[in-house]
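First the structure, in the form of structure tokens, and then the observations on it.
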Amino acid sequence: MRQSTPETEPEVRLFADGACSGNPGPGGWAFVLRHLPTGKELECSGAEPQTTNNRMEMMAVIRGLQRLKRPTRVEVVTDSTYVGTGITQWLAKWKANGWRRRSRSGWEPVKNEDLWRELDRLLSKHQVTFRYVRGHSGHPENQRCDRLAVAAYKKYLDKPSQT
């Protein structure tokens, strides 16, 4: 087993979650960014009137990484296998294939390419590791992010439709 050193320990832990009412539908994202040496935290959330759950999961990670002012060792904690697998297994292949993925009918564009490109740009600045947590399983920070994301998109549910 490899011993952790100050050079490999994360400086910050980024808890991130996205949520949607319908898929697509109104969606929200949220993150809690914790500086491990001091325990200082920053939380933030936002919403879009029409989006997908996968986009909101990605947006939570993107917005958290965008808040970092310098190259940082980051542990991202997420309940999104889409984000984790996308970054650790799919991203390099998509880039090598011109942001296309193989499908039964041939090649097609990667879904959410705009967000994957931004995530790729941010990942190149930081040393990022991922930890998957099961959603809605009692993980305190994951549940906190979920509550914030849901609260963020609710503003779009309360608006009467304009006809």
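Every number in this text was worked out from the coordinates using simple rules, so none of it is lab data. Given the structure is predicted, the values throughout are model-derived calculations rather than measurements. All Cβ positions, glycine included, derive from the backbone under ideal geometry; neighbour counts span all protein chains shown.
Share of pairwise Cα-Cα distances greater than 14 Å in the range 69-149 is 69 percent (whole percent). For the chain, the mean residue ellipticity at 222 nm estimated from helices alone is -10000 deg cm²/dmol, where every DSSP H run of n ≥ 4 contributes -39500 (n - 2.57) and the total is divided by all residues, rounded to the nearest 500. Positive end of the dipole of the chain (Cβ unit charges, origin at the Cα centre): among Pro71, Gly39, Ser137, the Cα lying farthest that way belongs to Pro71.
Test of understanding: ordering Phe31, Phe130 by Cβ neighbours within 10 Å, fewest first, what list do you get? Before the final figure, lay out the partial values.
Details: Phe31 32, Phe130 17.
Taking fewest neighbouring Cβ atoms as first place, the list is Phe130, Phe31.
Take every Cα pair under 8 Å whose residues are at least 6 apart in sequence, average their separation, divide by the length of the chain, and the relative contact order is 31 percent. Restricting the range 44-108 to trypsin sites (Lys or Arg not before Pro) that sit in a DSSP loop and have at most 15 other Cβ atoms within 10 Å of their own Cβ leaves Arg67, Lys69, Arg104.
For the range 84-124, the spread of Cα coordinates along the three principal axes comes to 32, 18, 16 Å, biggest extent given first. With bins 10 Å wide beginning at 0, the percent of Cα pairs of the chain falling in each bin runs 11, 37, 34, 15, 4, 0, 0. The count of lysine pairs in the chain with alpha-carbon distances below 25 Å, taking only pairs 8 or more places apart or on different chains, stands at 8.
Looking only at the chain, where both bridge partners belong to it, what percent of the DSSP beta bridges are antiparallel (to the nearest 5)?
On the way: 22 of 33 bridges.
Given both bridge residues lie in the chain, the antiparallel proportion sits at roughly 65 percent.
Positive-end ranking of Asn54, Ser105, Leu91 along the dipole of the range 12-157, with charges on Cβ about the Cα centre, is headed by Leu91.
Label-to-label distance, Lys93 versus Glu108, with points set 7 angstrom from Cα along the beta-carbon direction: 1.5 nm. In the chain, taking the dipole from charged Cβ atoms about the Cα centre, the farthest positive-side position among Ser124, Asn23, Ala149 is held by Ser124.
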